[in-house]
Amino acid sequence: MAAGLSTPMLDFFRRGEVARDVRLLAAQGAIAPRPLEQLGLLMLLSSDHDNEIRETAEATLQSLPKDLIANFIARSDTPTELREFFVRRGIEPSNTPAPDYDEPVADADESGLGLEGDVEQKQQSFMERLASMTVPEKLKCAMKGTREMRSVLIRDPNRLVASAVLSCPKVNPAEIEAYAKMGNVSEDILRTIANTRAWTKSYGVLLSLVKNSKTPVALSLNMLQRINDSDVKKLATDRNVPEALRLGARKRLTTPSK
C-alpha cells in the first residue's frame with residue numbers, strides 16, 4: 001500500500017486471508033490493536049465484499065468521536081492513505097495531534113477472556129483450553145491476555161494469531177527482546193521485529209535478532225553493521241549462527257574502519 005499503513009495483521013486482512021468470523025469481530029471493534037492499526041482495519045473492512053461486514057465497519061466508524069479521529073490523523077506517523085480516507089469522510093486533521101498511547105480507539109468486546117483467577121490460575125486454565133480454542137478466542141488472548149499467554153501465542157502455528165501478539169497494545173520492549181531470542185518462532189515474526197524501527201532501537205533486540213539462527217541472513221548481515229566490536233568478535237566464532245554471518249563478522253573485524 002503506497003504511503004499506507006502496513007503491519008503483519010493488516011496485511012493478512014488486505015490479502016483476504018482472514019476468515020469471515022474474524023473480519024466481523026474486527027468490524028465490530030472487538031479486535032482491538034493499537035489505534036492507527038485499528039483505524040486501518042476499519043478502513044479496509046468498510047469496503048469488504050461482505051455486506052454485513054462492510055455495514056458493521058461503517059457503523060463502528062460512525063460511532064467514533066470525530067474529534068478523536070481528527071487528532072489521530074493529525075499525527076505525523078499517520079499514513080497518507082488513512083488520513084485521506086477520513087478527509088473524504090469530512091474529518092479534517094486537527095491542530096492538536098493525539099499523543100502517543102496504545103489504547104484502541106474502539107473496544108466492543110465485553111465478554112472477557114473467560115479465564116478466571118490470578119495470573120497463575122489464568123495461565124493454567126489457558127494452557128488447558130489452548131488446544132480447543134478457536135482463532136477468534138486466541139486473537140482475544142493475544143490482544144488482552146497476560147504476558148505469559150502472549151509468550152505462548154507468539155509461537156502459534158496460525159500466522160495471524162502469532163502476528164496479533166505484535167499488535168497487542170500491552171506488548172513491551174522486554175517481551176520483544178524475548179521473542180527475538182526464540183528459536184521456535186516463525187521467520188515472519190523475526191522479520192517484523194527486524195523491520196520495526198521502534199523495536200530495533202533497542203540494542204538488546206538488535207543483538208538478539210542477529211544471534212538468532214532463524215533470522216533471515218540478509219537481515220542479520222544488515223544489522224551486523226550496528227553491532228559493537230566486542231559482540232562482533234563473539235559472532236565471528238559462534239557456531240550457532242549461519243556461516244555467512246560468521247564470515248561477515250570476520251570481514252568486519254579485518255576491514256579498517258573509515
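The values are calculated or read from the model by the stated rules, or taken from the named source; none is laboratory data. Every value quoted in this text rests on a predicted model; they were computed, and no experiment measured them. Cβ atoms come from the backbone with ideal geometry, glycine included; neighbour counts cover every protein chain shown. Just so you know, the surface numbers come from the protein's heavy atoms only, side chains and all, with ligands and any DNA or RNA stripped out. Shrake-Rupley method; radii C 1.70, N 1.55, O 1.52, S 1.80 Å.
Compute the signed sum of charges (Lys and Arg +1, Asp and Glu -1) over the other residues within less than 11 Å, Cβ to Cβ, of R20.
Neighbour charge sum, excluding R20 itself: -3.
Residues of the chain: accessible area per residue at 1.4 Å, in Å²?
Dividing the accessible area of the chain by its residue count gives 51 Å².
Counting only other residues whose beta carbon sits under 9 Å from that of L253, what net charge do I get with K and R as +1, D and E as -1?
Charge balance in the 9 Å sphere: +3.
Using each residue's phi in segment 195-210, evaluate 6.51 cos²θ - 1.76 cosθ + 1.60 at θ = phi - 60° and report the 3J(HN,Hα) Karplus result to the nearest Hz, with x for Gly and Pro.
Result, rounded to whole Hz: 8, 9, 4, 4, 8, 7, 5, 7, 5, x, 5, 4, 5, 4, 5, 5.
Within 13 Å, Cβ to Cβ, of A236, how many net charges do the neighbouring residues add up to if Lys/Arg are +1 and Asp/Glu are -1?
+4
If you roll a 1.4 Å probe over segment 1-48 with all protein chains in place, what percent of the accessible area is carbon or sulfur?
54 percent
Taking Cα atoms, how many degrees apart are the long axis of helix 51-63 and the longest axis of the chain, rounded to 10 and kept between 0 and 90?
90 degrees
On the protein heavy atoms, probe 1.4 angstrom, tell me the percent of accessible surface of segment 160-214 carried by carbon and sulfur.
Answer for segment 160-214: carbon and sulfur cover 50 percent of the accessible area.
Could you state the number of Å between the C-alpha centres of segment 38-116 and segment 186-256?
When both Cα centres are located, 37 Å separates them.
How far apart, in nanometres, would the label points at H49 and K201 be if each is projected 7 angstrom from Cα along the Cα-to-Cβ direction?
4.1 nm
Please tell me the relative contact order of the chain in percent, rounded to the nearest whole number, where contacts are Cα pairs under 8 Å and at least six residues apart.
14 percent
At 1.4 Å probe size, with no ligands or nucleic acids counted, give the accessible surface of R147 in Å², nearest ten.
110 Å²
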